[in-house]
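Right, one structure below, let's go through it.
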Amino acid sequence: MKKTKITGVGYYVPDNIVTNKDLEKYMDTSDDWIVERTGINERRWVNEKIGTSDLAVKASEKAIEMAGLTPKDIELIIFATLTSDYNFPGSAVQVQDKMGMDTIGAFDIKVACSAFIYGLSIADQFIKTGQVNNVLLIGAEIQSTGIDVSTRGRDMAVLFGDGAGAVVLQATDGDSAILSTHMHSQGKFAQYLWAELPTSLENPCMSHEMLDAGRQFPQMNGREVFKNAVVRFPEVIMEALNANNLKVDDVDLFIPHQANLRITQFVAKRLGIGMDRMYSNIERYGNTTGASIPIALSEAYDNGKINDGDILILAAFGSGFTWASAAIRW
Ligand code: COA
């Protein structure tokens, strides 16, 4: 049976840098509060009319070029995002159109921060069954236009950033491949990290009153998210290691979803590893939800932190709650 290899990576973040100091203009917060609790110094927020699919195209162009392919070679697009250009259809079809691809299958998955690893798992199944050979998997978000940038929304607003990452996945007979993926969910915690509108539970699904009450903005119980994340990250990482008879020491680089530097540090401590083997760029980009792992993976590759034969563990936790991991031999 064929296996699935990552043959191209790419990322793109908007030029506009928003520092913690900049946020002090819009809400009652401080650089000290944000850095101490999250490790974030700055994030990128779009400042022009541009869609999530536009960020995605820029990241995808790099990934496709690195793979030595052209857009016409792509047979399936999977787009991990919470913030598609429109409520529907998803942004995968925008990418298909903007990149001039054939009328291939293209769909979005809405699994928040775990979506990229869920997407890896889906792509892996499509390739292993022989249905397609070349998949474009994107994680991209524009969070900045959907959050409450005021004191009311400050707990969420300071965390999130915009950006895109993409990978090309191809069929291989070699040893460099996805070794395993594991996915989990626990819907009873859905309302600990969610955005309610538009909602099928109400008629109409959105009204002026609902908007005035701020029900369109993401809401979070930060403490519960933190508490669950620091348990689920190590758990799902160990699941990936055990499935492949690997030990923590066999792993060259851990690439966690960039939720919060304090969560990442906690997980590193639990695993007994130094932060040198735990990739972090949240200081510069904040939490970019579905985009955070592919941005981190691409950046780590560009910085020479990933070499042929390396063992990588990707891990994510987020809204749902959902959590997931992937083991990869590069
Ligand atoms: N700036 C200043 N003060 C803020 C603030 C901000 N941006 N956001 C919240 N506060 C205030 C709160 O209103 C609260 O004030 P009060 O005590 O007067 O009510 C105070 O800071 C403490 O809030 P609390 O929620 O107890 O802080 P915390 O120590 O739990 O830290 C988070 C808050 C959000 C940083 C933390 O819970 C966290 O990181 N959770 C995980 C979040 C996450 O990773 N989400 C994405 C997962 S994919």
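The values are calculated or read from the model by the stated rules, or taken from the named source; none is laboratory data. The shown structure was predicted, so the numbers you read here are calculated from the model rather than taken from an experiment. Please note: Cβ atoms are built from the backbone with ideal geometry, for glycine as well, and neighbour counts cover all protein chains shown.
Quick check on this structure: which one of 282, 306 is more than 26 Å from residue 33 (Cβ to Cβ) and touching a residue at least 24 places away in the same chain (Cβ under 8 Å)?
Going through 282, 306 in turn, the sole match is 306.
Quick check on my filter: what residues within the stretch 79-100 are in a loop (DSSP other than H, G, I, E, B) and surrounded by fewer than 21 Cβ atoms within 10 Å (Cβ to Cβ)? Hits for the stretch 79-100 are 85, 86, 87, 88, 89, 99, 100. In the stretch 1-78, counting only helices (runs of 4 or more DSSP H) that sit wholly within it, the ones holding 2 or more residues that are in contact with a Leu (Cβ under 8 Å, 6 or more places away or on another chain) span 31-38, 52-66. Residues that are within 16 Å of the ligand (Cβ to nearest atom), within 24 Å of residue 11 (Cα to Cα) and not small (Gly, Ala, Ser) within the stretch 118-155 comprise 118, 141, 143, 147, listed in sequence order.
Conditions tested, residue by residue: (1) within 16 Å of the ligand (Cβ to nearest atom); (2) not assigned by TED's automatic domain parsing to the domain that holds residue 7.
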{"position": "159", "(1), (2)": "yes, no"}
{"position": "164", "(1), (2)": "no, no"}
{"position": "188", "(1), (2)": "no, yes"}
{"position": "208", "(1), (2)": "no, yes"}
{"position": "217", "(1), (2)": "yes, yes"}
{"position": "221", "(1), (2)": "yes, yes"}
{"position": "228", "(1), (2)": "yes, yes"}
{"position": "231", "(1), (2)": "yes, yes"}
{"position": "252", "(1), (2)": "no, yes"}
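Taking the condition of being touching a Phe, Trp or Tyr at 6+ places or on another chain (Cβ under 8 Å) and either modelled with pLDDT under 95 or surrounded by fewer than 24 Cβ atoms within 10 Å (Cβ to Cβ) (or both), how many residues in the stretch 288-301 meet it? Going through the stretch 288-301 one residue at a time, the tally reaches 2.
Looking across the stretch 254-270, the residues that are surrounded by fewer than 18 Cβ atoms within 10 Å (Cβ to Cβ) and away from the ligand (no atom under 12 Å from the Cβ) come down to 269, 270. For beta carbons closer than 7 Å, sequence separation of 6+ or different chains, a first residue in the stretch 105-119 that is free of Cβ contacts under 8 Å to residues at least 40 places away in the same chain and a second that is away from the ligand (no atom under 16 Å from the Cβ) and hydroxyl-bearing (Ser, Thr, Tyr), the qualifying pairs are 108/84; 108/91.
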